[in-house]
Every structure is written in C-alpha cells, then in structure tokens.
Amino acid sequence: MTDQRPVRGDHEVPTTPEALRKCYEAGSTVQELVVISGLSHGTVINRLRSAGTMMRTSWETRRMREAPARRRLAAHLRRLYEQHGATLAELAAAGAKTKRAARQLLIEAGGKPRTAQETLRIRSAASAAERQKLMAALRTKYENGAAVSALAAEHNLSTATVYRLLHQAKTRMRSHGSAGQSQHRPVP
C-alpha cells in the first residue's frame, strides 16, 4: 500500500486519492498530477482508480480543454454566417481551417447551414442595396452639376459604368459639353 498522507508546504499538494480525483476531473492530466504531487505515474493512477475516477483518453482531455475556446469560435463563426452572410469558405478562413470544420462548428453553435442558393440570395440582396445607394449618390451629384468623368474618378468606376448606373437611376442626362458651365465656342 502506498503512503496516502498529503504533503504540506506553502500550499497543499494533491496527494490523497480524493484530492487527485478532484484535480483530474477539473481537467488536469495524469502527467501534470505527477509533476504537481511528486508521486510516480503508477501511484497517481492507482490513487485515481481507488477514488473511483473515470479515466479519460487523451483526446477527451484535449477536447475538454478546448471546449471554452471552441464555443467562442463557434459563436463568432455563427455571427459571421448569419449576420454578415459569410460562406463556409470564408468561415474556414476566419479560423475554422476547413469548410467541413466550419460547418461542424456552425451546427455546434446552433446555426443551420444554408444552401448555395440561399447564400447567393443573401449576397445579391446586399449588393443590390449597395448598388441602389451608389446609384442615388451618383444621380444626386450628377444633377448638382458633376461631370461623368469626375464621378467615375471619384468612385473608381469606368465612365461607361457611371453612365449605365445613371440611366438605371432614371437620371435626366445633360447634353454633351454642358457639365458645370455652358461652353459655347465662338463661331469663326
């Protein structure tokens, strides 16, 4: 029989079966208990078993330790997915590493994966709203006298795109050469 008396120093070191079990169930590994208690590996195992401890596998310990961080990541990915319309590929890039892992984390966080068509619908609705906003801004500036070339440069668009957006916004177009002030050429 091994000595089961606790060792005392500045703080109590877990050496009793109950103290070892408590530390083990809180997430410590057998190896960590060996280092903390100064007991041999076999003694720690025997004391844990004598206390009726359910032993874990290494992957169960790893998952137990990763759980809080995993839950935070899953919640973050769900927010990106549901509020910002992110795709599984974007979630993989945001920390899930693979699309499959992103899907699993999303499900763990209580999210429901979308179909590709649903994602396209969300994305097109967002881009349509942005497009409407851009068309309104271009129309306002054009009607206040801005030239198409100046609008194109300001918004980093081609002049053809600016013309197309102005037409889609049902803007009444000025005749060429009348941007700003009228430019009359003297007749020779």
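The values are calculated or read from the model by the stated rules, or taken from the named source; none is laboratory data. Bear in mind that the values here come from a model prediction, so they are computed numbers and not experimental data. Every residue, glycine as well, gets a Cβ built from its backbone with ideal geometry; the counts of neighbours run over all protein chains shown. All accessible areas refer to the heavy atoms of the entire protein, side chains included, with ligands and DNA or RNA removed. Shrake-Rupley method; radii C 1.70, N 1.55, O 1.52, S 1.80 Å.
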Inset, instruction - For every helix of n ≥ 4 consecutive DSSP H residues, a contribution of -39,500 (n - 2.57) applies; sum these over the chain, divide by its total residues, and give [θ] at 222 nm rounded to the nearest 500 deg cm²/dmol. - result: -19000 deg cm²/dmol
Legend entry - Distant-in-sequence amide H partners of VAL13 (H built 1.01 Å from N, under 5 Å): VAL7
Inset, instruction - Provide the descending list of Cα extents for region 23-71 along its principal axes, expressed in whole angstroms. - result: 35, 21, 15
Inset, instruction - Estimate the FRET efficiency between ALA146 and ALA93 by the formula 1/(1 + (r/R0)^6), using the beta-carbon distance for r and 25 Å for R0, to the nearest 0.05. - result: 0.05
Legend entry - Contact order relative to length of the chain, as percent, for alpha carbon pairs under 8 angstrom and 6 or more apart: 11 percent
Inset, instruction - Between ARG71 and ALA136, take the C-beta separation as r, use R0 = 45 Å, and let me know the FRET efficiency to the nearest 0.05. - result: 0.60
Legend entry - Whole-angstrom gap from region 33-50 to region 67-137, using each part's C-alpha centre: 46 Å
Legend entry - Vicinal HN-Hα couplings computed from phi for region 14-25 (Karplus, 6.51 cos²θ - 1.76 cosθ + 1.60; Hz; Gly/Pro x): x, 10, 6, x, 5, 5, 5, 4, 4, 5, 5, 6
Inset, instruction - Compute the whole-percent fraction of alpha carbon pairs in the chain spaced more than 27 Å apart. - result: 63 percent
Legend entry - Rounded to the nearest 10 Å², the accessible area of GLU82 at probe 1.4 Å: 100 Å²
Legend entry - Residue-level accessible surface for TYR163, protein heavy atoms, 1.4 Å, Å²: 80 Å²
Inset, instruction - Rounded to whole Hz and in sequence order, give me ³J(HN,Hα) for region 121-135 from the Karplus expression 6.51 cos²θ - 1.76 cosθ + 1.60, θ = phi - 60°, writing x for Gly and Pro. - result: 4, 5, 5, 5, 5, 5, 6, 5, 5, 5, 5, 4, 5, 5, 4
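Just give me a number: lysine pairs in the chain, eight or more positions apart or cross-chain, with C-alpha atoms less than 26 Å apart. The partial results should precede the final answer.
On the way: LYS97/LYS112; LYS99/LYS112; LYS133/LYS141; LYS133/LYS170; LYS141/LYS170.
So the count of such lysine pairs works out to 5.
With +1 on each Lys and Arg Cβ and -1 on each Asp and Glu Cβ, and nothing else charged, work out how big the dipole of the chain is about its Cα centre, in Debye to the nearest 20.
Numbers: 32 positive and 15 negative charges, 187 e Å.
For the chain, the charge dipole is close to 900 debye.
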Inset, instruction - Between ALA160 and SER127, take the C-beta separation as r, use R0 = 30 Å, and let me know the FRET efficiency to the nearest 0.05. - result: 0.95
Legend entry - Rg(Cα)/(2.2 N^0.38 Å) for region 46-129, N = residue count: 1.53
Inset, instruction - Calculate one ³J(HN,Hα) per residue across region 156-167 by plugging θ = phi - 60° into the Karplus curve 6.51 cos²θ - 1.76 cosθ + 1.60, and present them in order as whole Hz with x for glycine and proline. - result: 6, 10, 7, 5, 4, 5, 4, 4, 4, 5, 5, 5
Inset, instruction - Whenever you get a sec, line up ARG63, ARG49, ARG100 from highest to lowest accessible area (probe 1.4 Å, protein heavy atoms). - result: ARG100, ARG49, ARG63
